[in-house]
Amino acid sequence: MPLSNIQIQPGFNKQVTATGAEGQWVDGDFVRFRYGLPEKIGGWEEIINKKVVGAIREQLIWADLDGRKYIALGSNKVLVIYFEGAYYDITPLDTPITGATFTTVNTNATVTVNKIGHGLTEGDLFTFTSVTPPTGAGYIASDFETNTFQVVTATVDTFTITMASAAGTSVAASGSAVLNPYVEVGPLNQTAGYGWGTSSWGGQSGLVTTLNGSLADDAQGNNGSATEITVTSALGFPTSGNIKVGAEFISYTNITGNILQGITRGSGGTRTAHSNGASVEYFTAWGQASTSTTVLLDPASWSLDHFGSTLVATIKNGKTFKWEAISSNPPALTTRATAITGAPTTSVMSIVSERDRHLIILGTETTIGTENTQDKMFIRFSDQENLSDYTPTSTNTAGTFRLDSGVKIVGAAKAKDYILILTDTAAYIMQFVGPPFTFSIRQVGSNCGLIGQHAIKYVNGKVFWMGQAGGFFVYDGTVKSLPCLVEDFVFTSKGDNLGINYTAGEQVYAGLNHLYEEITWFYARNGEEQVDRVVTYNYTENTWTTGSLARTSWADATLYDNPYATEFITADVPSFPTIQGATNINGASTYYAHEVGNNEVDALGNKTAIPAFITSGDFDLSTGGDGQFFMSIRRFIPDFKVLTGDAQVTLNLRSYPAVNAQSSPLGPFTINSSTDKVDTRARSRFASVKVANTSTDQNWRYGTFRVDVQPDGMRG
C-alpha cells in the first residue's frame, strides 16, 4: 500500500477531545513550534553558583552611560544586583531598633535576642550594628556584625538566631546591639485578608512555619492520620488554636512536638490542597481573624525601571527607592538602595515615561507621605527630570489623575509612544502631550482587567496580557480578546484541565522571548501556591503551547545574548546574601540563562535531561465512514528536520474515544539519524503519534508523519 502523509497543524488544541482533534497536536511539554514544525525548546544553564533568598518576582536589565550592564532582581526578601558574575545586596534597611540584649545557653549556638515589641517574625532578615557582645559567652562584635541574620523563632518580645559557634557560658539579657531590619517587601503568597484587616489586627500572631508534608483537598491530615498535621516547627504555638494555610483556616485542639492534633479542615476560608512546604500562620484568640472575606492581600513584588543610570524600585504597596553604582572603575556596588525623597510612600507600582523622563507612580497616596491615603486608582507623576518633586505647581510638570473604572490599578506596560495602564476591569492609554496638561489619559477598553502586575508584555506594536477573570487580550489600537485553543486547559479545572489558581494571580509573570517570537505566561495551577505551569503564544505563527517550565521572572535577550529567568524552590536553602543560620523557611531562587544547549545544567556543569514530548490527536480511516474500519498500521518512515541523539516515537492506539490510549505492542520505537523505516504491526480504530526524548544531549525538530495504513475489518 502507498504511504499516507498524516497532516498535523502547528499548535496545541486542547479545547476538544483527542479523537476530535484529528490533524492537530493536543499535548506536550518543553516544546515550541517553528515554521509550523514542533521542536524541543532550548536548554538552560545556571548563571551563578548562588541561590537568592526568597522568590524573585521581577528583574530588570539596563546599562549605565559607560555601557556597563546591570541586572536588578527583586524577591519577597531582598533586592540584589547582578554584575559581572557576582551578586550584591542592595536591599534597603528599615528603621533601626535599639536596645536589644542577648541571652545565651552554654554549649548552644542558639542565642535569644531580647527586645520588647521588636516586630520581627520568623524568617525576617536583619543586620547587627553597634554590638557589645554578651559577657563571657565567647563572642566578639564581628561575630554579629559580619553577616546578615535570620529570625529563627519569634515571640512578641524575643526572637532566636543561630550563631556560627556555641556559646561558652549561659548569660541572661547581656550585652547590647542595634537591629537593622531589611525593609519588609510582603508575604510570599497571595492570601486572603480576614477580620479587622491585616497583621495583628486580623489576629495574626507573627508565628509562621511551613507544612511538613502536603495536604490533599479532603478532611485528612498530612502524616497518615485524619486528625493530625505535621509542621516544620510548632515552637511557641499555643496548645490549641487556629492556623491558616493559604486561604484555609484549620483548627486544632492539642500539640505533641511538631504535630497539631485534633484538626478540623476548612474551619474557615475555602478548603483546598496545599503543597509540602506551604506557609502556615498561627492566629491568636485576641483579634481573631474573621473566617470569611472577599479581600485578597497581594504577595510581595517589585516594579523595577531605570531613570537613566539610576535604578528605580517600588515595593508593591510600599515605598519607592533609588540606587546607582558609585562611579569608579570598577563601580562600587555595595551601597544600599534608599527611599526617594519627596516621593509617595505607599504605591502599587512605578514606571518611567522614557521619552519625556517623568517617573509615574500608580495606585498611590492622595496626600504624599500619608500611607492611609493610598488610593489604588490614583496616579501621580513627577516633575520632568526630577525624581523628588510630585506636587503640581504652575512652574513644574508634575501632576495627578484618578482613574474611574475598576477598584485598583493592577499593572502597566510601556509601548511605542504610550503607556497602557490596566485596572482590574479596564484599559487606559497614558500619553505625553506636553504643557499645560503634560499627559493625556483616556479609557480604551472595559471588561478586560489584568490578572497580575507582571502578566502584561509589549512587543511589535501590540500589548498582550492575561485577563483577571481568564482569557487573553491584545491591544493594537483596539482592545481585543485573543483567540486561544488552550483556554479551557489554562483557566478551568473541569475534566482533565489543570486550571489556574486565581488566588495566585498576582504571581503570573509574562516573559518575552523575541528569539522565537513567543510570549509566555508562567502561573500556578489550581491547588498550587507557587508557579509550576506555563502557557506560550507564538505571536507570528499564531500558535499556543502549554508546559511545566516554572519561572517566576523572565528577561528577554537584549543586552545579553540569551533570556535570563528565575526559578523558586520552597525547600532550597539560600546562599545569597550570606545569612548566618540560614534555613529553608524562605526558600531560594536560582538564576538561569535560557536557550543554551539541550539540557538543564547547574553551576557545577552537571547535566539533567529535559524530557520533551508532543502528542497528536487521533487519526483514523475515512473509508466507509469516519472511524468505521479498524486500520492496520504496518510501518512508518521517520522524518526529522533536526535529530541529535535518539528520539522515541510511540503509536498510541484505541478502539473507541472513551478507551484509554495505549502504545502499540512493539513500541515505543527508538529513532536515530540512521533509522530508515520502522515496522509497527499495529491495529486499531484510532491512533495518535507521540514524539519524545528522555536523555541528556538529545534534540529534535519533527517533520512529517508518513505511515502505511490500510483497512483491516470492522471488529476489534
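The values are calculated or read from the model by the stated rules, or taken from the named source; none is laboratory data. What you see is a predicted model; the values in this text were computed from it and never measured. Please note: Cβ atoms are built from the backbone with ideal geometry, for glycine as well, and neighbour counts cover all protein chains shown. Heads up: the accessible areas ignore ligands, DNA and RNA and are worked out on the full protein's heavy atoms, side chains in. Shrake-Rupley method; radii C 1.70, N 1.55, O 1.52, S 1.80 Å.
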Under 13 Å by backbone N from the virtual spin label 7 Å along Cα-to-Cβ at ARG357, the residues of segment 372-411 are 383-388
Given 358-369, 699-710, the highest-first ranking by average Cβ count within 10 Å works out to 358-369, 699-710
Averaging 1/r across every pair of distinct alpha carbons in segment 453-501 and inverting yields a Kirkwood hydrodynamic radius, in angstrom, of 11.7 Å
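Give me the mean projected area, in nm² to one decimal, of the convex hull enclosing the Cα positions of segment 225-284.
Directional mean of the projected Cα hull area for segment 225-284 stands at 3.7 nm².
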So the carbon and sulfur contribution to the accessible area of the chain, 1.4 Å probe, in percent, is 48 percent
Note on segment 583-716: contact order normalised by length, alpha-carbon pairs under 8 Å, 6 or more apart, percent, works out to 36 percent
Using the Kirkwood radius over Cα pairs of segment 346-421, the Stokes-Einstein translational diffusion coefficient at 10 °C and 1.306 mPa s, in µm²/s and rounded to a whole number, is 126 µm²/s
Residues meeting the amide H criterion for ILE41 (H placed from the backbone, H to H distance under 5 Å, 5 or more places apart or on another chain) are VAL31, ARG32
Expressed to two decimals, segment 449-566 has a Cα Rg over Rh, using the Kirkwood radius, of 0.94
At q = 0.29 1/Å the base-10 log of I(q)/I(0) from the Debye formula over the alpha-carbon atoms of segment 313-378 is -1.18
Using alpha carbon centers only, segment 498-521 is separated from segment 220-245 by a whole-angstrom value of 34 Å
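Per residue of the chain, what 222 nm ellipticity follows from adding -39500 (n - 2.57) for every DSSP H run with n ≥ 4, rounded to the nearest 500?
That calculation yields -500 deg cm²/dmol at 222 nm.
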About its Cα centre, the chain carries a charge dipole, from +1 on Lys and Arg Cβ atoms and -1 on Asp and Glu Cβ atoms, whose size in debye to the nearest 20 is 960 debye
Cα-Cα longer than 27 Å, checked against LYS414/LYS480; LYS14/LYS480; LYS322/LYS414; LYS77/LYS462; LYS408/LYS462, kept in input order, equals LYS77/LYS462
Whole-number value, in Å³ per residue, for the convex hull of the alpha carbons of the chain is 180 Å³
Rounded to whole angstrom, the alpha-carbon centroid of segment 549-604 lies from that of segment 355-432 at a distance of 32 Å
Cα extents of segment 566-609 along the principal axes, largest first, in whole Å, come to 36, 17, 15
